[in-house]
């Protein structure tokens, strides 16, 4: 039911679906201006010692949110594939990092919300990090799955500079963090 929401109303819909009001705190994350993009793939070791894999792209392209997120942690049975990107933001205190938010389906075909944090700390993949928070409409307030940002075991995160195709819709600049990511905090 959530897959067909428009991007501009997605954050409000996420908050409403989870029974939340708009947060009153100051927004920490912002849309990069000009919008750039980030690409990443690799593996990380989870807190339980298992290996999880991911492939992520995100940013703005031709006036729209753009990207895809795939994540699998076989030891926990978690596997998601994105269906819509609802936000792309950065924290000015951590300029080499980006967060990507959106909707996905899990291995059972159920809708979930996600927020991925990536940071590019050098080439090739030197000290780069990945983290993810996943939630569903039934677990509001407690996360369905969280992997706090971990240094990659293998792979690379690459932050790419903006170009002419990376122009977001002007309305995106007015979005607040909760409108892009609901109540999912950054897993950084």
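Assorted remarks:
- Residue among 186, 165, 82 that alone is part of a loop (DSSP other than H, G, I, E, B) and crowded, with 16+ Cβ neighbours inside 10 Å: 186
- When 55, 75 are screened for being assigned to a strand (DSSP E or B) and at negative phi, only 55 passes.
- Flag for residue 156 being touching a strand residue (DSSP E or B) at 6+ places or on another chain (Cβ under 7 Å), in contact (Cβ under 8 Å) with a residue 12 or more places away in the chain and in a loop (DSSP other than H, G, I, E, B): no
- Residues located in segment 114-126, provided they are modelled with pLDDT of 85 or more and over 12 Å from residue 155 (Cβ atoms): 114, 115, 116, 117, 119, 121
- Exactly one residue out of 49, 58 is within 16 Å of the chain's Cα centre (by Cα) and either closer than 18 Å to residue 152 by Cβ or in contact (Cβ under 8 Å) with a residue 60 or more places away in the chain (or both): that is 58.
Residues checked against (1) at pLDDT 90 or above; (2) in contact with a strand residue (DSSP E or B) (Cβ under 9 Å, 6 or more places away or on another chain):
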position: 63; (1), (2): no, yes
position: 71; (1), (2): yes, yes
position: 83; (1), (2): yes, yes
position: 109; (1), (2): yes, no
position: 137; (1), (2): no, yes
position: 151; (1), (2): yes, yes
position: 171; (1), (2): no, no
position: 177; (1), (2): no, yes
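- Selection count, segment 113-172, where residues are on the phi > 0 side of the Ramachandran plot and within 15 Å of the chain's Cα centre (by Cα): 0
The values are calculated or read from the model by the stated rules, or taken from the named source; none is laboratory data. Note that this is a predicted model, so its numbers are computed, not measured. Neighbour counts run over all protein chains shown; Cβ positions are idealised from the backbone, glycine included.
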